[in-house]
Amino acid sequence: MKKCFIAGIFLLSASLSFAQLKGNVELYGGAFMFNETSGINGPETVYKSASISAGVSGGVYFKDTIGLKAYLDFLIPLSFAATPNGGMEITQNEYDFLLGMDEFFGVVFKVIKTERLTVPIMAGFHGKLFFSTISDYFTTAVNSGIGLGIGAEYALNKNWYILARVNGSFDFLGFSIKTPTRNNSSGNEQTGFDMALIRTWGIAPHLGIGFRF
């Protein structure tokens, strides 16, 4: 009997805690720009890119003002350039394929919360993937670091709101995997793996719509 009573109290407490959870989902579009220097303490390459982006985000709040949130952006580069140390610039026109993905996960806190206006700030882990094909090789580049974000949400009614925000990032560790494509006729079929310290600054302004539940 005692065990059943304790189990009942536990289930009731868990149900009440879950009932207090609030969350949101968002759809948005915007831009993404980054400037990267890789190969510290050795030959350096500078990468610069500007992309349009579309993304989705979702969050869960534990006490109405603090919670966890995640972003996933898909990036289509409008301009991309790589400049090896002492070499000529490689422009976007020389790439056969370019596509990016941006991830941001962390803690979010609402510093301002009124009936209509909400201002959340966020800090956490940031990651970026960039896929490219050039010279019969497909390259997957992965960067990781930290991210910060601030936004403004204006409520249209109880559930729907419009949003504007800016996310920034600084990545300090990166690696790339280079694999030959089916069109590779050089005879060198080895897969390459490189890891390096990097300095990548990124900024991503967004406009979108959200739904609270």
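Kindly provide the set of residues from the range 74-111 that are of a type in the set (Phe, Trp, Tyr), under 18 Å from Ile52 (Cα atoms) and modelled with pLDDT of 95 or more, ordered by number.
Residues satisfying the conditions are Phe74, Phe104.
Looking only at the range 152-164, decide whether some residue is touching a Phe, Trp or Tyr at 6+ places or on another chain (Cβ under 8 Å), among the small types (Gly, Ala, Ser) and over 18 Å from Pro205 (Cα atoms).
Yes - at least one qualifying residue is present in the range 152-164.
Which one of Thr140, Thr118, Thr179, Thr114 is modelled with pLDDT under 95 and under 17 Å from Thr65 (Cα atoms)?
Thr114
When residues of the range 86-135 are filtered for being within 20 Å of Asp171 (Cα to Cα) and not aliphatic (A, V, I, L, M), how many remain?
Residues flagged as within 20 Å of Asp171 (Cα to Cα) and not aliphatic (A, V, I, L, M) within the range 86-135 amount to 14.
Does Gly59 count as surrounded by 12 or more Cβ atoms within 10 Å (Cβ to Cβ) and touching a Pro at 6+ places or on another chain (Cβ under 7 Å)?
Considered against the rule, which asks whether it is surrounded by 12 or more Cβ atoms within 10 Å (Cβ to Cβ) and touching a Pro at 6+ places or on another chain (Cβ under 7 Å), Gly59 comes out as no.
If Ala54 meets every condition in (1) modelled with pLDDT under 90; (2) surrounded by 13 or more Cβ atoms within 10 Å (Cβ to Cβ); (3) of a type in the set (Gly, Ala, Ser) apart from one, which number is that one?
Failing condition for Ala54: (1).
How many residues are closer than 20 Å to Pro120 by Cβ and either aromatic (Phe, Trp, Tyr) or in contact with a strand residue (DSSP E or B) (Cβ under 9 Å, 6 or more places away or on another chain) (or both) if we restrict to the range 135-169?
23
Is at least one residue of the range 102-111 surrounded by 14 or more Cβ atoms within 10 Å (Cβ to Cβ), free of Cβ contacts under 8 Å to residues at least 40 places away in the same chain and under 23 Å from the mean Cα position of the chain (by Cα)?
yes
Which members of the range 50-62 meet the condition of being over 12 Å from the mean Cα position of the chain (by Cα), of a type outside the set (A, V, I, L, M, F, W, C) and within 13 Å of Met101 (Cα to Cα)?
Ser51, the sole residue that qualifies.
For the range 135-180: of the residues being part of a strand (DSSP E or B) and basic (Lys, Arg), which is surrounded by the fewest Cβ atoms within 10 Å (Cβ to Cβ)?
The extreme case among them is Lys178.
Pro43 fails exactly one of the following numbered conditions: (1) free of Cβ contacts under 8 Å to residues at least 40 places away in the same chain; (2) part of a loop (DSSP other than H, G, I, E, B). What is the number of that condition?
In the conditions (1) free of Cβ contacts under 8 Å to residues at least 40 places away in the same chain; (2) part of a loop (DSSP other than H, G, I, E, B), Pro43 misses (1) alone.
When the range 114-130 is examined, which residues are found to be surrounded by fewer than 14 Cβ atoms within 10 Å (Cβ to Cβ) and in contact (Cβ under 8 Å) with a residue 12 or more places away in the chain?
Once the filter is applied, which keeps residues that are surrounded by fewer than 14 Cβ atoms within 10 Å (Cβ to Cβ) and in contact (Cβ under 8 Å) with a residue 12 or more places away in the chain, the range 114-130 yields Glu115, Arg116, Leu117.
The values are calculated or read from the model by the stated rules, or taken from the named source; none is laboratory data. Every value quoted in this text rests on a predicted model; they were computed, and no experiment measured them. Every residue, glycine among them, receives a Cβ derived from its backbone with ideal geometry; neighbour counts consider all protein chains shown.
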